[in-house]
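Undergrad: Below is a structure I'd like to ask you about.
The values are calculated or read from the model by the stated rules, or taken from the named source; none is laboratory data. Worth saying up front: this structure is predicted, and the values here are computed from it rather than measured. All Cβ positions, even for glycine, are placed from backbone atoms using ideal geometry, and neighbour counts span all protein chains on display. Note: areas computed on protein heavy atoms with side chains; ligands, DNA, RNA excluded. Shrake-Rupley method; radii C 1.70, N 1.55, O 1.52, S 1.80 Å.
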Amino acid sequence: MEQVKEQFCYDYARPAVTVDCVIFGFDANELKVLLTKRAIDPYLGKMAFCGGFIGETETAEQCARRKLYEEAGLSDIFLEQLYTFSDLDRDPRFRVISVAYYALVQSTNYQPVAGVGIESVQWFSLAEAKDLAFDHNRILELALQRLKGKIRYEPIGFELLPPRFTLPDLHKLYETILERPIDRGNFRKKILSLDVLVDHSATQQNRRAREAKIYSFDQQKYEALKVKGCYFEI
């Protein structure tokens, strides 16, 4: 094995490779992001995403899951690869390339606990997520752009809302992500046409005529539509 390594040992730079995890949550009609407060240099005391250096015996995704658990105590999160960040000066120590991942979760289902090299970890509103360490402001900006694009071609809500919700709840989620007002009538017509909602209004005791109906997602139809894709321009 050592002979093979020596035979194919090329004289090229070997930059370090890390992962960064952008975890979005939705709570109290507000989109939030999970941030850690660094307890080590560089950027001591600055807020940053969970992440770290990829080991020689793990993949990027395995590293992302390991760092989420080590730094925030989180597991069983569905991660999607976002982008690879390779600017020359993104880390003050040496050349570091980062593979970023993002995820959507119900923030109330995940109570983060600060771990290795972390002073604290908690959910922050987007307005609070400023002046982050490294190039994490740029990573967050791109993750938000991806989320806004994603909402147009596949359903969003199952990962962010409680099991049962109202159409106003779902409407507010879409307005929050897109950062603009959406006509209620058009939204209602469009979302119902996707045929992914289950109406539970018949089980609402003493429901008044103008009271919002309770819905849930039909998970099988929801997952099928995510695979198939849809056009949701409103």
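Undergrad: Determine, for each peptide in 43-49, 53-59, the mean count of other beta carbons within 10 angstrom over its residues, then list the peptides with the highest first. Mind showing how you got there, number by number?
TA: Details: 43-49: 17.4, 53-59: 11.3.
So the order, starting with the most tightly packed, is 43-49, 53-59.
Undergrad: Also, I was wondering about something else. Using +1 at the C-beta of Lys and Arg and -1 at the C-beta of Asp and Glu, which of 163, 182, 110 has the Cα lying farthest in the positive direction of the dipole of the stretch 56-194?
TA: Result: 182, furthest along the dipole toward the positive end.
Undergrad: I want to check the label-to-label distance for residue 86 and residue 202. Put each point 7 Å from Cα in the C-beta direction and report it in nm to one decimal.
TA: In this crude label model, residue 86 to residue 202 measures out at 5.7 nm.
Undergrad: If you line up the long axis of helix 136-153 against the longest principal axis of the chain, both from Cα atoms, how many degrees apart are they, to the nearest 10?
TA: Tilt relative to the chain: about 40 degrees.
Undergrad: Report the residues of the stretch 62-96 in range of a label on residue 17: point 7 Å along Cα→C-beta, backbone N strictly under 19 Å from it.
TA: Counting backbone N atoms under 19 Å from the label point, the list is 62-68, 79-91, 94-96.
Undergrad: Angle check, please: helix 167-178 long axis (alpha carbons) against the longest principal axis of the chain (alpha carbons), in degrees 0 to 90, nearest 10.
TA: 40 degrees
Undergrad: So, for the chain, what is the accessible surface per residue at a probe of 1.4 Å, expressed in square angstrom?
TA: 57 Å²
Undergrad: Helix-only mean residue ellipticity at 222 nm, the chain, DSSP H runs n ≥ 4 weighted -39,500 (n - 2.57), per residue, nearest 500. What is it?
TA: -9000 deg cm²/dmol
Undergrad: Another question, if that's okay. Could I have the simple spin-label model distance between residue 152 and residue 219, label points 7 Å from Cα toward Cβ, reported in nm to one decimal?
TA: With each label placed 7 Å out from Cα toward Cβ, I get 3.1 nm.
Undergrad: What lysines could a cross-link reach from residue 150, if we take a straight Cα to Cα line under 20 Å and drop same-chain neighbours fewer than 8 places away?
TA: Leaving aside lysines fewer than 8 places away in the same chain, those within reach of residue 150 are 32, 172, 189, 190, 221, 226, 228.
Undergrad: Here is a follow-up. Candidates (i) 19.8; (ii) 19.2; (iii) 17.9; which is the computed Kirkwood radius over Cα pairs in Å?
TA: Structure-derived value, by its label: (i).
Undergrad: Further question: Could you grab the relative contact order for the chain? Cα pairs under 8 Å, six or more apart, rounded to a whole percent. The partial results should precede the final answer.
TA: Working: 374 pairs, mean separation 49.2, N = 234.
That works out to 21 percent.
Undergrad: Carbon-plus-sulfur fraction of the accessible area of the chain, 1.4 Å probe, in percent?
TA: Accessible surface attributable to carbon and sulfur in the chain totals 50 percent.
Undergrad: Hey, what angle do you get for helix 184-193 against the long axis of the chain, alpha-carbon based, 0 to 90 degrees rounded to 10?
TA: So the helix axis and the longest Cα principal axis differ by about 80 degrees.
Undergrad: Please give the FRET efficiency for residue 192 paired with residue 59, using the beta carbon to beta carbon distance and R0 = 35 Å, rounded to the nearest 0.05.
TA: Approximately 0.30, to the nearest 0.05.
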